[in-house]
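The structure appears right after this line, and notes come after that.
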2 protein chains.
Amino acid sequence: MTKFILGKHSSSQFSQEMESIRNHLLRMGGLVEKQLGDALEALLNNDSAVAEKVLITEDEVDELEKRIDEECARVLALRQPAAIDLRTILAVSKCVSDLERIGDESAKIAQQSLEQEGELPMSLVGVKHIGHSVKHMLNSALDAFARFDADKAIEAAAHDDEVDTEYQAAMRSLVTLMMEDPRSITRVLNLMWVLRSLERVGDHARNICEQVVYLVKGKDVRHFSVDEMLAAVQNKRHGGEPE
Amino acid sequence: MTKFILGKHSSSQFSQEMESIRNHLLRMGGLVEKQLGDALEALLNNDSAVAEKVLITEDEVDELEKRIDEECARVLALRQPAAIDLRTILAVSKCVSDLERIGDESAKIAQQSLEQEGELPMSLVGVKHIGHSVKHMLNSALDAFARFDADKAIEAAAHDDEVDTEYQAAMRSLVTLMMEDPRSITRVLNLMWVLRSLERVGDHARNICEQVVYLVKGKDVRHFSVDEMLAAVQNKRHGGEPE
């Protein structure tokens, strides 16, 4: 593992800087994971105190985003990283944007939970289920990043298709509900926005997975299907690991 | 202008590489702008041929995204750019992600226009208006990038607040429409997704503006209000321009 982190460089100062960037990304990831979990809890339990907590955390997430990008720029300017170190910096810079947007979507969900009036419709089951799936995806994506594990990243990315299928089904059932009981329109719309946010979180988690594959394998698998991702990684393996 | 592009380096090979990255970003921007315009046209004129064109262009946009990021990684590895050149690379790498997502949202709008059945409700006026606003924002953002013009970028970013206000108003009128005529639910929902996509396009265009300010002024203005952006830029000016 250490050889990946150090790459071509051996300066201990440099490896500390790389370590710090990775740690900050994981801290930001943990914070955003918590935001997502709290936003769902706020919605499902109609708990406005938890919702407020999600909104307050936004500033911290935004600060981390800027701080990490600044660290990346500094290392690029002063250390001229190469190979896996350079890919780590580039991947981190993409990942912070995705994490920031997951935080954003979580804040939107928290906001919806604050605006929600009265009882939620029955079809909250769909939201609960998709919420659980995308939380799991995000957790696995961050875990894959922490372990430099491309296989785990692809496995996590594969769940995005399931999330999309669940999303379509949940959305259809909400449309039916709305048609059957037009008085529920406002409340159902709120849930639709929540579903849409969760579906976006799934996309961002998938983006993070793609960046993990890039940083470990040196292969840009964006816009690839899961099968294409697997083939790309296997191909690389036959040709040996990249530096 | 040339001193900005060359930065500290004088190798003509290097300046050609930087120029190529900038040109590819602007080409990608032009393509995405066209996608957005076509998607709106397809929706407003119920023109499925134009919608198909938007969907077909997606692959080209995706390829450009990957190609530009590859060029950026190569320049970072081989040229160790500094100052404005380094910031250009970092800003371009962020901008390609935003452009790709604008392309994505345009494809979603084109998809909605293909699924749309029968006449569109009257409130298409809102969509037309917001569509026009975000197209203009994107165009100004790309123009600001092409000219290294931070003031123009801030001016363009300022329109995002208007877009958000228009979005809220259009959304409210669609909810009313839905309640008054529940038979319109499916068609109105389609328009709501379109509005949501357009609002996202506004956000991404604003992100591009923020990157232009970063690359020209060396100041990270993400999550700043427009007034804070102006203050940050003026501050820098008093202290002299960054390298």
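Is there a residue being under 30 Å from A:His129 (Cα atoms) and either hydrophobic (A, V, I, L, M, F, W, C) or crowded, with 23+ Cβ neighbours inside 10 Å (or both) anywhere in segment A:69-82?
Among the residues of segment A:69-82, not one is under 30 Å from A:His129 (Cα atoms) and either hydrophobic (A, V, I, L, M, F, W, C) or crowded, with 23+ Cβ neighbours inside 10 Å (or both), which makes the answer no.
Please count how many residues of segment B:153-184 are without any contact (Cβ under 8 Å) to a residue 24 or more places away in the chain and either within 14 Å of another protein chain (Cβ to nearest Cβ) or within 18 Å of the chain's Cα centre (by Cα) (or both). Before you say what the answer is, go through the steps one by one.
Taking segment B:153-184 and keeping what is without any contact (Cβ under 8 Å) to a residue 24 or more places away in the chain, we get B:155, B:165, B:168, B:172, B:175-176, B:178-183.
Those left that are additionally either within 14 Å of another protein chain (Cβ to nearest Cβ) or within 18 Å of the chain's Cα centre (by Cα) (or both): B:155, B:168, B:172, B:175-176, B:178-183.
So the count comes out to 11.
So which residues in segment B:128-148 are more than 10 Å from the chain's Cα centre (by Cα), buried (at least 24 other Cβ atoms within 10 Å of the Cβ) and within 19 Å of B:Leu40 (Cβ to Cβ), if there are any at all?
Correct list: B:Ile130, B:Gly131.
May I ask you to verify whether B:Glu166 is of a type outside the set (A, V, I, L, M, F, W, C) and crowded, with 17+ Cβ neighbours inside 10 Å?
yes
Here is a list: A:Gly30, A:Gly7. Which entry is small (Gly, Ala, Ser) and at pLDDT 95 or above?
A:Gly30
Go through (1) more than 20 Å from the chain's Cα centre (by Cα); (2) assigned to a helix (DSSP H, G or I) one by one and return the number of the condition A:Val61 breaks.
The one condition A:Val61 does not meet is (1).
Mind counting the residues in segment B:97-121 that are facing another protein chain (nearest Cβ under 10 Å) and of a type outside the set (Lys, Arg)? Spell out how you get there, then give the answer.
Just the residues of segment B:97-121 that are facing another protein chain (nearest Cβ under 10 Å), to begin with: B:97-98, B:100-101, B:104.
Checking which are of a type outside the set (Lys, Arg) leaves us with B:97-98, B:100, B:104.
Matching residues across segment B:97-121 total 4.
Scan B:Leu25, B:Leu90 and give me the residue that is part of a helix (DSSP H, G or I), more than 9 Å from chain A (Cβ to nearest Cβ) and surrounded by 18 or more Cβ atoms within 10 Å (Cβ to Cβ).
Going through B:Leu25, B:Leu90 in turn, the sole match is B:Leu25.
Based on what the data block shows, is B:Leu78 assigned to a helix (DSSP H, G or I), within 14 Å of chain A (Cβ to nearest Cβ) and either in contact with a strand residue (DSSP E or B) (Cβ under 6 Å, 6 or more places away or on another chain) or more than 22 Å from A:Asp203 (Cβ to Cβ) (or both)?
Judged against the criteria, B:Leu78 is a match.
The values are calculated or read from the model by the stated rules, or taken from the named source; none is laboratory data. Predicted model only: the values in this text are computed from it and were never measured. Positions of Cβ are generated from backbone atoms using ideal geometry, with glycine treated the same way; all protein chains shown enter the neighbour counts.
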